[in-house]
1. Can you list the residues, at least 5 places off or on another chain, whose amide H is less than 5 Å from the amide H of W263, using H built in the peptide plane?
2. How long, wide and thick is the range 101-279, going by the Cα atoms along their three principal axes, in whole angstroms, largest first?
3. What base-10 log of the normalised intensity I(q)/I(0) is obtained for the range 401-495 from the Debye formula, alpha carbons as equal point scatterers, at q = 0.10 Å⁻¹?
4. Whole-Hz Karplus ³J(HN,Hα) for the range 199-215, in order, using 6.51 cos²θ - 1.76 cosθ + 1.60 and θ = phi - 60°, x for Gly and Pro?
5. Under a 5 Å amide H to amide H cut-off, with H placed in plane at 1.01 Å, what residues pair with Y327 once short-range neighbours are removed?
6. Using only Cα atoms, figure out Rg for the chain and give it as a multiple of 2.2 N^0.38 Å.
7. What is the set of long-range amide H partners of V249 at a cut-off below 5 Å, with H atoms built 1.01 Å from backbone N?
8. Can you compute the label reach from R35? Point 7 Å from Cα along the Cβ direction, backbone N cut-off under 12 Å, restricted to the range 46-74.
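Here, each number is a calculation from the coordinates, and none is a lab measurement. Since this is a predicted model, take the numbers as computed values, not measurements. All Cβ positions, even for glycine, are placed from backbone atoms using ideal geometry, and neighbour counts span all protein chains on display.
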Amino acid sequence: MTSNAAITDIWNRLRDLPTPRLTDLFDADPDRASRLSQRLDFDLGELGQVGLLADFSKTHLSHEALDAFEALAEARKFEKAREDLFEGRVVNATEGRPATHGAMRGSGTAPAVEEGEALLARMGMLVDAIHAGTLGEVKHLIHIGIGGSALGPALAIDALTRDLELVDVHVVSNIDGLALEQAFAACDPATTLIAVASKTFTTTETMTNAASALRWLSDNDVSDPSGRVVALTANPERAVEWGVDETRVLPFPESVGGRYSLWSSIGFPVALAVGMEDFRAMLAGAQAIDTHFRAETGRENLPLLAAFADQYYARIRECQTRAVFAYDERLALLPDYLQQLEMESNGKRVDVAGQPVEGHTAPITWGGVGTDAQHAVFQLLHQGTHLVPVDFIASIAPGDELDLAHHKALLMNCLAQGAALMAGQDADDPAKSYPGDRPSTTFLIDDCDAATLGALIAFHEHRTFANAVLMGINPFDQFGVELGKQIAKKIESGEGDFDPSTTRLMQAAGLR
Ligand code: F6P
């Protein structure tokens, strides 16, 4: 049988499986909760530890489905694809590039890992020098970047600076001037540094915001505005041409994708806000997950197991979305981060051979924080017509110092939602009955510290990669974002024809 025929066969096998209710799966297998839960513990020495419990038992993954998905992973040569990733071989075929984000945190082959260490040491020297006052008093950093050059730093800073922020960081991404004005209003120009974060150093939003930030410094009598800029980029020549002194250009390799770049110099604002030790702890937590992902096989491999569930819901049950609810304010930006990671990576319609993929690829990732979301969107999850697989993420240790009642209530609510989604409830009044049988996965982290955040993010990176391998698609390109950029340029130039709707809108907006 050809490998394509074998893959079709496995999907057919999966489609033909019975779909028992979740409660029936538990009845048939009293050990299900422990069999489909896994606790990962990593001792990172001086950098702390990571403890994470993942419970997949409230998903519809049966023994038979897991067997079939393991066969699918084999037919898709998952283990080879994983080695290709870590060995730095070309895994991004459309752009002819490896994907070496793992090497930025110590996972991969010697030359890439050594390069990562050297770049990190260079970043560390600048961070320590700034903390020591070499660039004068620095109280604020305006970090300008968009997409992968902003979402990771924003998430990590929001998550890790609740107690202490060594430098007050403002992440600005939108080209809407209001975003930058808001940062200006919160910063004193005399004690502000600007980080321009852009892999390409060409992105319109970032370069426009960066130019305005320089103007703001000079308008406010900062004598050497360019001397206050740090560039984080895979295009150092362009940053120097733009006017940043080489000593303040922190490069990273072209083979690190934008949405995978938090571990590289794009993480500079995080390191400045939390210090190099915590930044290194974040990398170490991520590296621990790399080790797990690289070593484990089949359902024992947590990111791969998560991808089995994702594939089951997207492609067998045809769920168009998946939701992520963080029962922790510190992870409020996690759904935003995951949207880019998952939707930009796997929101594709053709496979690596350019052939159309049958069925849905990446679901639409959305979510929010608990308990807020319970009072806004959970109605649809419990009684709506859509089937939405849900991820719950909560920390066992509280992030606050108030009465423990707050944290207990938070955790109780988180667990109650998963139980309610699964159990449902009959009632005489149809409006008051809940169908139940709605799946969820729960992640309990010991604490939301730097190492655990790194582990959580790396887990999702590998889950995304594993999904791509199971579908045979390339998760490392993003050509779908280009057309809109080209048309925006065309509108700017005022040249060319547009459809009648866009022409009228351009006139109404004063653009023509
Ligand atoms: O337009 C999409 C994108 O290319 C993302 O993939 C990327 O993270 C973002 O733009 C920003 O790109 P850059 O870091 O080159 O400014």
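1. none
2. Result, largest extent first: 48, 35, 27 Å.
3. Debye curve over Cα of the range 401-495, log10 I(q)/I(0) at q = 0.10 Å⁻¹: -0.64.
4. 4, 8, 6, 10, 5, 3, 4, 5, 5, 5, 5, 5, 4, 5, 5, 5, 4
5. Residues meeting the criterion, in which the H sits 1.01 Å from N, are G370, I393, A394.
6. Working: Rg = 23.8 Å, N = 512, 2.2 N^0.38 = 23.5 Å.
Output field value: 1.01.
7. A231
8. Answer for this model: 57, 61-67.
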